[in-house]
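All remarks here apply to the structure that follows.
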Amino acid sequence: TTTSSSRISPPAAADRPPAASRLWHPFSSLGGTRASELTLVEGKGARVRDKDGNWYLDATAALWYANVGHGQAPIADAIAEQARRLAAYSTFGDMSNPAAAALAEQLADLAPSADPMVFFTSGGSDAVDTAVKMVRRFWTLRGEIDRSVIISRGLSYHGMHGHGTSLAGIAANNAGYGMAPDPEFVRVPHDDAGALRRVIDELGPSRVAAFFVEPIIGAGGVYPPPPGYLTEVAQICRSAGVLLVADEVVTGFGRTGDWFASASYGIEPDLLLFAKGVTSGYVPLGGVIADRGVWEVFADATAGAFRHGYTYSGHAVACAAALANLRLLVEQDLLARAAVLAEELAVRLPRLAELPGVREVRCAGLLGAIALDTVRDPALPERVVRQARAAGVLTRVINGDSVQLSPAFVLTDEQLGQLVDRLAEAITAADSVRTG
Ligand code: PLP
């Protein structure tokens with residue numbers, strides 16, 4: 001018989017290849033990644049070190065989140081202090097904790113709308129699905145139960161929960177998961193405000209609950225909004241009574257030089273979704289900032305409970321980490337630094353468009369993408385990422401053809417130069433393998 005102690009002894013080497021771990025990596029093919037794992041053990045600023053002692057420039061701030069950079073002691077201290085005092089307790093019903101209350105207050109001050117309320121989640125996908133339910137509940141409470149259709153943009157990414165997967169416009173993420181096309185989720189081309197107007201007209205405004213928008217498309221390939229696009233869609237939503245939901249999971253907390261991209265582009269969304277940069281990823285946290293026009297309906301004496309929330313909504317350690325992170329962004333003047341880096345990126349990155357194998361480059365704020373010619377060479381993006389890794393730069397492929405750039409705001413001028421130069425070299429080397 002198998003005893004519990006024999007179950008925890010290390011498996012015999014013959015059970016599996018020795019180099020492979022039991023870690024099932026997200027967004028990977030299990031067959032392809034187990035032998036090539038890169039194990040990271042330490043980070044400082046815009047650099048990370050692997051278990052063999054090699055340092056890399058982190059071109060992406062991990063998954064777009066390490067805004068203040070790695071290894072910031074004040075955040076680690078805040079986490080430890082809160083964990084020793086009281087790591088977490090429920091915020092369901094009327095329960096609260098000082099960190100969650102203080103963070104909600106600060107986010108309300110930073111938000112691009114007056115007098116909002118803040119609903120905490122464990123991450124960005126949670127925030128998206130919370131927002132879908134909040135929007136539909138809002139219209140139910142308002143007695144407009146037919147307003148259930150949610151519109152989103154092509155190329156958009158809204159996390160991987162059920163509603164978010166249906167919402168998002170990256171086809172490869174939906175195919176083969178039993179997600180039948182849902183007529184309640186409608187997509188419009190990412191750059192065409194007129195298409196939004198037409199869809200709302202066709203469906204009838206009394207059917208449309210909300211329009212979800214990433215101010216800058218992130219995982220879909222870093223597509224900045226066309227000039228005037230965001231103010232136009234905001235106006236279309238206002239005039240049709242459709243709620244505007246800004247998914248700022250990537251763009252929040254300084255990426256555009258402002259606290260939120262909504263402010264940079266002059267829109268005031270009814271709901272604003274955040275995650276990632278709120279803690280710079282030191283601890284998972286996300287949430288929804290709801291404008292007064294939305295939350296007032298929920299505050300009505302007849303509204304009843306919003307029967308939605310997560311075990312870790314308002315988690316004290318996560319909120320303490322966020323408070324320390326926001327303090328660092330202010331004390332180290334990192335929003336201004338992100339704006340300077342964004343300008344520098346906009347000067348340096350376009351030069352890469354001249355390289356063989358590069359189709360175009362795109363940037364907005366401190367976000368960039370190098371789109372490669374995958375028609376000629378479908379494997380080029382992965383080869384570029386491998387080549388960059390060997391040259392000491394960590395990046396990844398987004399939406400099949402583009403290489404991501406979203407460094408921490410603590411990147412030095414010298415590091416920015418190295419980053420762009422090494423990526424250029426990696427592209428040239430990876431492209432020559434095919435042609436040479
Ligand atoms: N929304 C956007 C715009 C994102 O980029 C992401 C993640 O990359 C999410 C939502 C989902 O966030 P999470 O992975 O924290 O669930």
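Note on the stretch 198-236: among residues that are on the phi > 0 side of the Ramachandran plot and more than 16 Å from the ligand (Cβ to nearest atom), the one that is modelled with the highest pLDDT is 228. Being within 13 Å of the ligand (Cβ to nearest atom) and either part of a strand (DSSP E or B) or crowded, with 23+ Cβ neighbours inside 10 Å (or both) is a description that applies to residue 250. Is it true that residue 385 is assigned to a helix (DSSP H, G or I), assigned by TED's automatic domain parsing to the domain that holds residue 48 and surrounded by 18 or more Cβ atoms within 10 Å (Cβ to Cβ)? Taking the combined requirement at face value, the residue satisfies it. No other residue among 327, 307, 337, 292 is crowded, with 18+ Cβ neighbours inside 10 Å and basic (Lys, Arg) apart from 337. Listed by position, the helices (runs of 4 or more DSSP H) contained in the stretch 12-102 that have at least 2 residues being within 16 Å of the ligand (Cβ to nearest atom) and not acidic (Asp, Glu) are 61-64. Residues of the stretch 114-125 that are over 13 Å from residue 314 (Cα atoms), within 13 Å of the ligand (Cβ to nearest atom) and in contact with a strand residue (DSSP E or B) (Cβ under 7 Å, 6 or more places away or on another chain): 124 alone.
Of all residues in the stretch 197-209, none that is closer than 10 Å to residue 149 by Cβ has its Cβ atom under 6 Å from the Cβ atom of a residue that is in a helix (DSSP H, G or I) and among the acidic types (Asp, Glu), 6 or more apart or on another chain. With respect to being of a type in the set (Val, Ile, Thr) and buried (at least 24 other Cβ atoms within 10 Å of the Cβ), residue 199 falls outside the description. Candidates in the stretch 361-417 are the residues that are touching a residue at least 60 places away in the same chain (Cβ under 8 Å) and among the acidic types (Asp, Glu); of these, the one that is farthest from residue 336 (Cα to Cα) is 401.
State whether one or more residues within the stretch 137-146 are within 12 Å of the ligand (Cβ to nearest atom), at pLDDT 95 or above and among the hydrophobic types (A, V, I, L, M, F, W, C). No. Does the stretch 207-218 include one or more residues that are among the basic types (Lys, Arg) and either within 17 Å of residue 271 (Cα to Cα) or assigned by TED's automatic domain parsing to the domain that holds residue 62 (or both)? Looking for residues that are among the basic types (Lys, Arg) and either within 17 Å of residue 271 (Cα to Cα) or assigned by TED's automatic domain parsing to the domain that holds residue 62 (or both), one finds none in the stretch 207-218, hence no. Those helices (runs of 4 or more DSSP H) of the stretch 112-203 in which at least 1 residues are of a type in the set (Ser, Thr, Tyr), considering only elements entirely within it, cover 124-141, 162-167. Among the residues making up the stretch 168-196, those that are in contact (Cβ under 8 Å) with a residue 40 or more places away in the chain and more than 16 Å from the ligand (Cβ to nearest atom) are 193, 196. Within the stretch 55-88, the residues that satisfy the criterion of being crowded, with 20+ Cβ neighbours inside 10 Å and either among the basic types (Lys, Arg) or on the phi > 0 side of the Ramachandran plot (or both) are 61, 64, 69.
The values are calculated or read from the model by the stated rules, or taken from the named source; none is laboratory data. The structure presented is a predicted model; accordingly, all values stated were derived computationally and were not measured. Please note: Cβ atoms are built from the backbone with ideal geometry, for glycine as well, and neighbour counts cover all protein chains shown.
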